[in-house]
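Accompanying notes for the structure given below.
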Amino acid sequence: MVVAERKKIEEIRRMVDRYSSILVVGCDSCVAECAAGGHRETMLLAAALKLSCQQDGKNPRITEACLDRQCVDDFIEQIAHLVPEHEAILSLGCGAGVQALARVYADKPILPALDTLFIGETEMRGIWQENCLGCGKCKLGYFGAVCPVTRCSKKLMNGPCGGSKDGKCEVNPGIRCGWQMIINRLETLGELDRLSEYVPPVDWSTSHSGGPRRVEREDQKP
Amino acid sequence: MASPSSTLDDKTLNILVYHCRNLLLFKNGEQKSFARSRPGLRLVAVPCSGKVEAHHLLKTLAGGAQGVLVLACAENACQFLEGSHRSHKRFEYARCWLEELGIEPDRIRFVHMRPMDVGALDSILEEFSQKLQTLGSFPPQQEPLTPLQKAGF
Amino acid sequence: MKTESRLEKVLQAGHFAVTAECGPPKGSDPTVVEKKGKLLLGCVDAVNVTDNQAATVRMASMAACAILKNMGHEPILQMTTRDRNRIALQSDLFGAYALGIRNVLCLTGDHQVFGNQKEAVGVFDLDSIQLVRTVRDMRENGTIIGGGDIESPPKMFVGAAANPFADPAAWRVVRLAKKVHAGADFIQTQCIYNMQRFSDFMTQARDMGLTEQVSILAGITPLKSVGMAKYMATKVAGMDVPEDVINRMAGVPKKKQADEGIKIAVETIQQVSEITGIAGVHVMAIEWEEHVPEILSAAGLDERPKV
């Protein structure tokens, strides 16, 4: 899923202050799982925004809505009736949701309430971990299902650097050394031999380095 | 039943109380009369304090309350096991929000209570309203515009 | 001979090689490099020039290499993959060779979070081992990455680093082997304070036959004070400074600590020179280059071979 975090109210206010009616739109998919932009967080942000404005003697009309998925047209259209009566939309979707809203509601300012961070997993309640960079050519099969591109701070492909200590990364002790994890996994699987071979330079053309990516499938088109 | 306190007579002081039903604070019909005798006070019974989320607390303030009170069972007495604990975490989260917004976090208060102790509720309310008095009104009164400002200068 | 490198000649002839490190200045003054170069002239076989070490902006390694080269030094160009992608790295290799640089040390580099440009993008298009293979392929096959021909390929003597003290411990020698197989001609190690651990590492390297295939230069950094020892022990990634070394530094008065640090460095050189498979030493006197000649002379290494 996509993991995001809410922006500080100060920054949100700077974006929305010029509008007198704001539609706050959440997304009940990924950003609900990471407790940043689901229906709960949407209600919370709408209330907080009201309070924040009241403090400055302002009283914009604030309406809240939450979509099942903010990145799919069929869902986005569900708020079509609310859009005309608001000057701007404050989105609690990820970056994809914000831009999808902007594509559908082309004449409406759409503002992000979240900072979109990464593709990751819910490791436990309250902890989300980045584990995929979307490089476009999955190499997990060779590395015991631990991604060196994502989990190593230096994207090393040929083993741990000299900064790996007690399973921690030199960058900060809150980061686990991805290469220690790869080695541990492959050791458990009895497949350490996979690591002795030289791994040539990565083909980054399938990643964002090749430009914004797009998938088109005839069988899926209407 | 305890008599209404003098501070609660102040009509500007709106307080909303979310109280867990399992505290059994009021018998049939008593809640209404308790509230009626204390202007500005609203009581909302919830099936468990765990039902009260951060957005309820903020919304209540945004809706005009000067203060919000959450009355919960002791953590080890919660009928839903984790409800009271979660409620407290949500309350703490709402306080963080208020801090970020620059609003006094003391406008919301969380109290673990013993069941059926409506007498304690009166002293809690008394103390809470005194606290709210010192905080002043919310939203803060805006300075009236001077004639020059009104004219757009 | 694979290259015109003076370092290769020294090692090929079986001499105990001596290299030292020279950090370029945080500015554009060439005289700073010249001053450091002067201190080391005649005492070392080659000089490493660091590449924005600790991710801090400094004079380009290649420029400082050229200045040292003009003074008669044999420079070793350090190249990290942190700041440049494969286009820039390969282009710099062409340029370095054109300037007369014949040695390159391939590194991944300290993470940018350690330096003075924490907001920078970390490039890491290649890793150090892929860079080793790239430089080797230029020399052996005359090709760039992807197989394209080079008109006049650079023929560099290829170096890599090894850290015997990082984790996972069992993996360190495997990584050394990978570097050797990728094409490293020489290895310069992390500075050594834990002699037992280093000697174990060398045993593993010998057992794998690596010391036959690569020249290993042991890393030496003289400690200036007990404060530095403690800092290295706790704050510097991938460093192993054992308690007894810290205690030894702490055991002498503050004024004598620098002398003690130099004494430890000299002893370390003597100890590593007795380990089979050690082909030389690499002295990294961090902003303390003026003490390199005295350390080398105390270790009996001040006479450099003419090759």
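Where a number appears in this text, it was derived from the coordinates with a stated rule and is not lab data. The structure presented is a predicted model; accordingly, all values stated were derived computationally and were not measured. Because the Cβ atoms are built from the backbone with ideal geometry, glycine has one as well, and the counts that use them run over all protein chains shown.
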At R0 = 22 Å the Cβ-Cβ FRET efficiency linking residue A:193 and residue A:123, nearest 0.05, sits at 0.15
What aspartates and glutamates does residue A:165 reach when the alpha-carbon gap must be under 20 Å and sequence neighbours fewer than 8 apart in one chain are set aside?
A:187, C:110, C:127, C:167, C:200, C:240, C:243
Answer with one residue from A:204, A:136, A:161: the one whose Cα lies farthest towards the positive end of the charge dipole of chain A, charges on Cβ with Lys, Arg +1 and Asp, Glu -1.
A:161
Under Karplus coefficients 6.51, -1.76 and 1.60, residue-wise ³J(HN,Hα) of the range B:13-25 in Hz, glycine/proline x
8, 8, 10, 10, 10, 9, 10, 5, 4, 6, 6, 6, 6
Mind checking C:123-131 for the average number of partner chain beta-carbons within 10 Å of each residue's beta-carbon?
6
Rounded Å value of the spacing that divides the Cα centres of the range A:172-222 and the range C:108-164
20
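If I take R0 = 30 Å and measure r between the Cβ atoms of residue A:74 and residue A:11 in this structure, what FRET efficiency does the formula 1/(1 + (r/R0)^6) give, to the nearest 0.05?
Plugging the Cβ-Cβ distance into 1/(1 + (r/R0)^6) gives 0.45.
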Average partner chain C-beta neighbours within 10 Å, per residue of C:162-175?
5
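How much of the DSSP bridge set in the range A:1-151 is antiparallel, in percent, rounded to the nearest 5?
Antiparallel bridges: around 40 percent, rounded to the nearest 5.
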In deg cm²/dmol and to the nearest 500, what is the mean residue ellipticity at 222 nm of chain A if only DSSP H runs of at least 4 residues count, each as -39500 (n - 2.57), divided by the residue total?
-7500 deg cm²/dmol
May I ask what percent, to the nearest 5, of DSSP beta bridges between residues of chain C are antiparallel?
5
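Given the pairs A:7/A:58; C:235/C:306; C:9/C:230; A:7/A:221; C:9/C:36; C:26/C:178, which span a C-alpha to C-alpha distance of over 30 angstrom in this model? Before the final figure, lay out the partial values.
On the way: A:7/A:58 21 Å; C:235/C:306 40 Å; C:9/C:230 38 Å; A:7/A:221 36 Å; C:9/C:36 24 Å; C:26/C:178 34 Å.
Check vs 30 Å cut-off fails for C:235/C:306; C:9/C:230; A:7/A:221; C:26/C:178.
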Under a cut-off of 15 Å between alpha-carbon atoms, report the aspartates and glutamates in cross-link reach of residue C:69, not counting same-chain residues fewer than 8 places apart.
C:4, C:21, C:34, C:45
Using a Förster distance of 45 angstrom, determine the FRET efficiency expected from the C-beta separation of residue A:207 and residue B:32, and round it to 0.05.
0.10
